[in-house]
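Working notes, beginning with the structure itself.
The values are calculated or read from the model by the stated rules, or taken from the named source; none is laboratory data. Computed from a predicted structure; not experimentally measured. Backbone-built Cβ (ideal geometry, glycine too); neighbour counts: all protein chains shown.
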Amino acid sequence: MTGGKTHGANVTPGAGPGRAGSVDGAPDGAGPDPGGLGGSGPAPVLPGSADVVVVGAGQAGLSVAWHLRRLGLAPGSDLVVVDRGPGAGGAWQHRWESLRLDTAHKVDDLPGMKELGLSFATADRSRAAREVVADYYGRYEQAFSLDVRRPVEVTGVQESGDGGFTVATDRGDIGTRVLVNAGGTWARPFRPYFAGAAGFRGLQVSTPDYRSAEDFRGLRVLVVGGGTSAVGFLRELEDVAAATVWATRRPVEFTDDPGAGVTAVRRADEAARAGRPLPSIVSGTGLPATPENLAAEARGLLVARPMFSSIEPDGVRWADGSFAPVDAIIWATGFRAELTHLAPLRLREPGGRVRVEEGRSLRHPRLFLAGFGPQASTIGANRAGRTVARQVVAALRAPVADPAPVG
Ligand SMILES: Cc1cc2nc3c(=O)[nH]c(=O)nc-3n(C[C@H](O)[C@H](O)[C@H](O)COP(=O)(O)OP(=O)(O)OC[C@H]3O[C@@H](n4cnc5c(N)ncnc54)[C@H](O)[C@@H]3O)c2cc1C
């Protein structure tokens, strides 16, 4: 078995946002600074108050900001968008270098992007997706003067007593009448619990920690998870790892059913409204039946096994009692929404779920969660922009209502 200098390290998303020395899961210095919008410029200045604060300048936050601007709010004064990342690009700026737009799912254009002559559909497939998206988002922010303030980390949100919020940041507080949280999920990768995981002697990484297939050269790699990221990792590792094995919770289906997306989003919408666990979109859509994926399935690379039952120091034990020796595990097992800074608002229902309808919190009439649950894709984030912005403007006009009772 190949040792490798990272072997034996149990890498967790410890380099996540808000922790010293890193931003959004990227190791120090690893994130690009696309569009020259980040880090080295003057420290961002924040107003003491604004009608609307948007937390996050990914697809969801930018889409909301664009619609709010069109509805008459002035970015920088009425509307303040903050982001803790060093540059434009939302979570995309932190994705691994080898990810290309055609190995990602499909990146939808932001509203108004066509006016700028930009479209992801025709963007350069030979460049890293993280560079392309960061470049396009950066140009978009500038063209529409969205005035994103970065790097600004929101550390906590409190009700201010007048129906609005006090948004605490590492650059000072902002009072706001309406809050739109569009913080995405990248900082909160989810790993299911497995007996024995802590005692595994090999390398364990979650999706945001993945940098390059080279880190796994010569290793026997287990990839866990049934989404596009898992498929991408397996395809990259094919000629680099000593062997790969794929485990998924549900059987994998490669399909090109055009109606599946709509049904999947509707099911996720219903779950979000009811505060039930959100089904992953891919569980409803299946994986894309591209010629590359079908060929990889035919040659045995993309053939998933059901989940193992436990993890042992040098591998995993399957339900039938057989053992697979493994040197590394990649957990591509999804994400949870980044809501830590909203904890003082006590949004969680008994059981831990957060109830949201059309992007609006069912607990607080002036709180919106854009890009949450069923909106967690670029197309969903665009939809969030339109529906959330309209509701935000209505909320600004409405008299202040009491928040729903907690408990
Ligand atoms: C590997 C991978 C590939 C994907 N590929 C696709 C794809 O091809 N097509 C697709 O439609 N979807 C894809 N997705 C889903 C993806 O999450 C969405 O497409 C989209 O990028 C999410 O946009 P967002 O604005 O909700 O979140 P993000 O892009 O994550 O933006 C959230 C922003 O909020 C900021 N933020 C968070 N918390 C704070 C805070 N406390 N203070 C200040 N700022 C904060 C972050 O810095 C970040 O910039 C993919 C996801 C993953 C993980």
Collect the residues in the stretch 141-163 that are away from the ligand (no atom under 12 Å from the Cβ) and either surrounded by fewer than 19 Cβ atoms within 10 Å (Cβ to Cβ) or outside the structural domain of residue 367 (by TED's automatic domain parsing) (or both), keeping them in residue-number order. 142, 143, 145, 147, 158, 159, 160, 161, 162, 163
Neighbours by Cβ (under 6 Å, 6+ apart or cross-chain): first from the stretch 291-310, assigned to a loop (DSSP other than H, G, I, E, B); second of a type in the set (Val, Ile, Thr): 308/316
Have a look at 210, 193 and point out the one that is among the hydroxyl-bearing types (Ser, Thr, Tyr) and touching a helix residue (DSSP H, G or I) at 6+ places or on another chain (Cβ under 8 Å). 210
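For (1) more than 17 Å from residue 376 (Cα to Cα); (2) modelled with pLDDT of 70 or more; (3) of a type in the set (Phe, Trp, Tyr), each residue gets a yes or a no:
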residue	(1), (2), (3)
275	no, yes, no
279	no, no, no
288	yes, yes, no
293	yes, yes, no
297	yes, yes, no
304	yes, yes, no
313	yes, yes, no
Taking the stretch 116-134, which residues are within 13 Å of the ligand (Cβ to nearest atom) and either part of a helix (DSSP H, G or I) or of a type outside the set (A, V, I, L, M, F, W, C) (or both)? 120, 121, 125, 129, 130, 132, 133, 134
Restricting attention to the stretch 181-196, does a residue exist that is within 14 Å of the ligand (Cβ to nearest atom), surrounded by fewer than 22 Cβ atoms within 10 Å (Cβ to Cβ) and part of a strand (DSSP E or B)? yes
Among the residues of the stretch 52-109 satisfying the criterion of being within 13 Å of the ligand (Cβ to nearest atom) and among the acidic types (Asp, Glu), which is farthest from residue 382 (Cα to Cα)? 97
Quick one: what pairs do we get from the stretch 200-214, first residue not assigned by TED's automatic domain parsing to the domain that holds residue 311, second within 16 Å of the ligand (Cβ to nearest atom) and at pLDDT below 95, C-beta under 8 Å, 6+ apart or different chains? none
